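Here the structure is laid out as structure tokens; the discussion comes afterwards.
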Amino acid sequence: MWRHSPVRAGAAIELDRRMQLLNEAAVRIRLKFQRRSWRGCRCRQYADAAQSEITMIIAMSRFRVMNHREQDVRRAFLNRPRFVDGQAGFLGIEIFQDHADCAIFYLVTRWTDHASFRAWHSSPAHQRSHELMPKGLKLDSAFTEIRILERVEDEHDRDVFEHFPSDWGALTRAYFASSSISHALVATPDGTILGATVAMERLLRGDSDRLDGQPVWKFLTPESTEELRRLVAAGSRDSRLRFPMTFMDAGSGKCVLICNLDVQPNAFALLCEPVSVAGNPVAAQCEANRRAASK
């Protein structure tokens, strides 16, 4: 638990004041940009879009640690108090450390709109989050900066599900954590499982063990192993492709799942579901096998 310090709190208040001023300046610049004359500009067709309702913004804060406390800052972010998580309009947060200069950090938060971000920025909870800075931390106040970025999208032809996993991240995580239908796993290119949803854990290992570190191939039939190896080796990025995979479940039975696959250089992800959610013999047998294994 971080301890409160009047000196540290004063520094946090000054940092907060500077960030607020930068935010207000960014908003003023944006408004000035929107009100400018578009006469003679090749981007005239974007004038109306600049005035349209914004569906997602990014607030990106940059700061530099001055007294070699980078590891303390990393730990502080990893153990953040999560005051912002329940804030109206909050979509997500990510923290980045500069690859060339590890003393530089970028705090990126995503919001549904400017008003929600400003409400958080002026809230007591936001102030408390700054007061919980690691003891003795010194920042380069001249380097501190905040920028507001707006997502570019076509409001007249918008696919609300294109950004669903990022815009509704908390809901997506909660769904995967509790769903008995969505079976998903992430593995390295050699098949070592990095993580799996609760449904996949229960299907393949019952209620006792975890899949992390296990080779995915041991849970597949030879035919499905060969097919998945081929797709992974080919670097398949067609996430719309759906194909059956036959898994060997915890009850030593076979369960067919329909899967989508996405392959990245360092990992691949499988998102699967039973052949039918209800009323299908294969899906019913999968569930029966899972229940038998958990007894």
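Summary of values
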quantity: Test result for V84, closer than 24 Å to R151 by Cβ, touching an Asp or Glu at 6+ places or on another chain (Cβ under 6 Å) and surrounded by 15 or more Cβ atoms within 10 Å (Cβ to Cβ); calculated: no
quantity: Residue tally, condition more than 22 Å from M66 (Cα to Cα) and outside any loop (DSSP other than H, G, I, E, B), over the stretch 129-166; calculated: 6
quantity: Lone qualifier among S116, S129, S52, S61 - being at pLDDT below 90, buried (at least 16 other Cβ atoms within 10 Å of the Cβ) and of a type in the set (S, T, N, Q); calculated: S129
quantity: Among the candidates D207, D212, residue that is under 18 Å from T188 (Cβ atoms), among the charged types (D, E, K, R) and either modelled with pLDDT of 90 or more or touching a Ser or Thr at 6+ places or on another chain (Cβ under 6 Å) (or both); calculated: D212
quantity: Set I193, I258: member being in a strand (DSSP E or B), closer than 24 Å to A174 by Cα and touching a Gly at 6+ places or on another chain (Cβ under 8 Å); calculated: I193
quantity: Residue match in the stretch 138-157 (condition: closer than 30 Å to A234 by Cβ and without any contact (Cβ under 8 Å) to a residue 40 or more places away in the chain); calculated: no
quantity: Residues located in the stretch 167-190, provided they are of a type in the set (S, T, Y) and not in a helix (DSSP H, G or I); calculated: S179, S180, S182, T188
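Residue-wise test of (1) of a type in the set (S, T, Y); (2) in the same structural domain as P274 (by TED's automatic domain parsing); (3) within 19 Å of Q264 (Cβ to Cβ).
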{"position": "F143", "(1), (2), (3)": "no, no, no"}
{"position": "P165", "(1), (2), (3)": "no, no, yes"}
{"position": "A177", "(1), (2), (3)": "no, yes, no"}
{"position": "R202", "(1), (2), (3)": "no, yes, no"}
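The values are calculated or read from the model by the stated rules, or taken from the named source; none is laboratory data. Quantities reported herein were computed from a predicted structural model and do not represent experimental measurements. Note that each Cβ is placed from the backbone with ideal geometry, even for glycine, and that neighbours are counted across all protein chains shown.
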